[in-house]
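Shown next, in C-alpha cells, is the structure this report addresses.
The values are calculated or read from the model by the stated rules, or taken from the named source; none is laboratory data. Keep in mind the model is a prediction, meaning the values are calculated, not measured. Every residue, glycine among them, receives a Cβ derived from its backbone with ideal geometry; neighbour counts consider all protein chains shown.
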Amino acid sequence: MSSRINRREFVKTGAAAAAAIAAVPATVFGQAPAVVTRAARPLVVSAANGNHYKNGGPVTGVEKAFQMISQGSDVLDALVAGVNIVELDPDESSVGYGGLPNADGVVQLDSCCMHGPKKRAGGVGALEGVRTPSLVAKAVADLTDHHLIVGKGAQEFARGVGFKIEDDLNTEKSRKAWLEWKRRTDPDHYLDPAKRQQAGLLATLQMAREGLIEYEHVFGTINCDGLNARGEICGVTTTSGLAFKIPGRLGDSPILGAGLYVDNEVGAAGSTGRGEANLYGLCSFMIVENMRRGMHPKDAGMDILQRIRKNTIEKRLLDEAGNPNFDINFYVLNAKGEYAGVSFRPSTYAICTENGPQTLPTEAMLPLRPRT
Ligand code: ASP
C-alpha cells in the first residue's frame, strides 16, 4: 500500500496550503503564530478524559496531541500518542489497560481511527491483551487492505506485527469491580437471560451510586480529533466499551461512521456514551454529512441528537419525562477549525489550542437528570 497521498489530494491539501505552512512557525502554548487563517489554526478536540489523565507524566492526552501537531507530526500519529496516555493510565477504567472487563472478567478493547488526507481507516474490536488498541487500529489502517479486524484475529494480527500480548489487562481496581458485579448479578449462573441483563445493569448503576465504580466509567471512551496547520484532519476513538458487557459485544467505538468519522474536506465527529444508540443511526457519519451541507459543528451535532431522541422509543430506555435515560456525547470539528461538544445531558469535553488545554461544558439538549 502506498504511503503517499495521491496527486489530486496533494494539490488540494498540500500545495495549496504550502505557503501558509511556511508562514506558520511551530506553535507552542501562549505563542500563537503571527499570521494564521482560521483554517490553519491547529486544534485538538476530545472527550473530557483527554484533559484529565496523565498516566504519571507531565501532560494530558490533548496537550500531547497538540504539541506533536504543532511540531509537525502527522495528525493521526499525534492523536494516537495523545489517547495512548489515557489508554495506559490504570486509573482510567473505561479505556485501554485497566478498562472495566466484560461479563466474564476479560478486558476486551475496541478502537478505530481515520486519516483524513490519506483516506485510510482501521479498527479493531473485542481485542484482548494489548493495552493500546488505538495503535493496533492504526496498524490495520497502515498495514492491511482492511478496515476492521476483531476478536482472536485482531490479537493474532497484533502479535504478528510486533505488539506485546498480555494475559490479562485487568488492574486490581477493575478486577475488584468485576468480582463485586459478578457476586451481585450471577450468584448461581442460571438466571433467565432477560432478568440477568436487567439485573446486571441495575447492579452496575447501583455500584456507581455507591461510589464503587465511577459513573463515567460504566460507559466511557475517548474520542480525539485534530486539525493541523495544513488543514489535515484525523481522528481516533478507543474504549473498553460497556462495563461488564456480553463477551464479544461491540459498541460504536470501533465502527467507522459510528464511533468516528472523518472527511478531510469537511471535518470529524466521534462519540462516547451508549454505543447502541449511535450504531443505530451511524451518527458520526451523519454529523459530518450535516457539516458538508454547511451546518456548524454544534448544529450538526444537535440535529443528530434529536434524531437519536426520536429513535429512542423503548420504555426501558426512557425516563419519566419520556426522554432517553442514557448519555451520549459527540465531539465535532470542521475544516475551518470550528468545534463543539454536544450531549443529551450537561457534560464536559476537552480542547487544546495554542492557548493550552481546556475542559469546557458541552452544549446539552436536556437538563441534568438525577441518576436513578
Ligand atoms: N460508546 C462506548 C460503547 O458503547 C462506550 C462509551 O463511550 O461509554 O462501547
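Quick notes on this one:
For (1) within 14 Å of S46 (Cα to Cα); (2) surrounded by 22 or more Cβ atoms within 10 Å (Cβ to Cβ); (3) touching a Gly at 6+ places or on another chain (Cβ under 6 Å); (4) at pLDDT 95 or above, each residue gets a yes or a no:
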{"site": "E216", "(1), (2), (3), (4)": "no, no, no, no"}
{"site": "G220", "(1), (2), (3), (4)": "yes, yes, no, no"}
{"site": "T239", "(1), (2), (3), (4)": "yes, yes, no, yes"}
{"site": "A243", "(1), (2), (3), (4)": "no, yes, no, no"}
{"site": "P254", "(1), (2), (3), (4)": "no, yes, yes, yes"}
{"site": "L260", "(1), (2), (3), (4)": "yes, yes, yes, yes"}
{"site": "G270", "(1), (2), (3), (4)": "yes, yes, yes, yes"}
{"site": "A300", "(1), (2), (3), (4)": "no, yes, no, yes"}
{"site": "I304", "(1), (2), (3), (4)": "no, yes, no, yes"}
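- Test result for A40, buried (at least 19 other Cβ atoms within 10 Å of the Cβ) and either under 27 Å from G259 (Cβ atoms) or modelled with pLDDT of 95 or more (or both): no
- Set G322, G337: member being on the phi > 0 side of the Ramachandran plot and exposed (fewer than 15 other Cβ atoms within 10 Å of the Cβ): G322
- Of all the listed residues (S94, S46, S111, S134), the sole one being within 16 Å of the ligand (Cβ to nearest atom), within 15 Å of the chain's Cα centre (by Cα) and modelled with pLDDT under 95 is S94.
- For the range 259-296, a residue qualifies if it is of a type in the set (S, T, N, Q), within 15 Å of the ligand (Cβ to nearest atom) and in contact (Cβ under 8 Å) with a residue 60 or more places away in the chain, and the qualifying residues are S271, T272.
- Scanning the range 117-161 for residues being under 22 Å from V106 (Cα atoms) and either among the small types (G, A, S) or assigned to a strand (DSSP E or B) (or both) gives a total of 15.
- Residue in the range 88-103 that is closer than 16 Å to T221 by Cβ and in a helix (DSSP H, G or I) present: yes
- Residue within the range 350-357 that is among the polar types (S, T, N, Q), in a strand (DSSP E or B) and touching a Gly at 6+ places or on another chain (Cβ under 7 Å) present: no
- Selected residue [of a type in the set (A, V, I, L, M), modelled with pLDDT of 95 or more and crowded, with 23+ Cβ neighbours inside 10 Å] from L148, L143, L100: L100
- Taking the criterion of being in a helix (DSSP H, G or I) and surrounded by fewer than 14 Cβ atoms within 10 Å (Cβ to Cβ), the residues of the range 162-182 that qualify are E172, K176, L179.
- If you filter the range 224-258 down to residues that are in a strand (DSSP E or B) and among the polar types (S, T, N, Q), you find that the one that is nearest to the ligand (Cβ to nearest atom) is T239.
- For the range 183-206, filtered to residues that are modelled with pLDDT of 70 or more and within 16 Å of the ligand (Cβ to nearest atom), the residue that is farthest from N329 (Cα to Cα) is G200.
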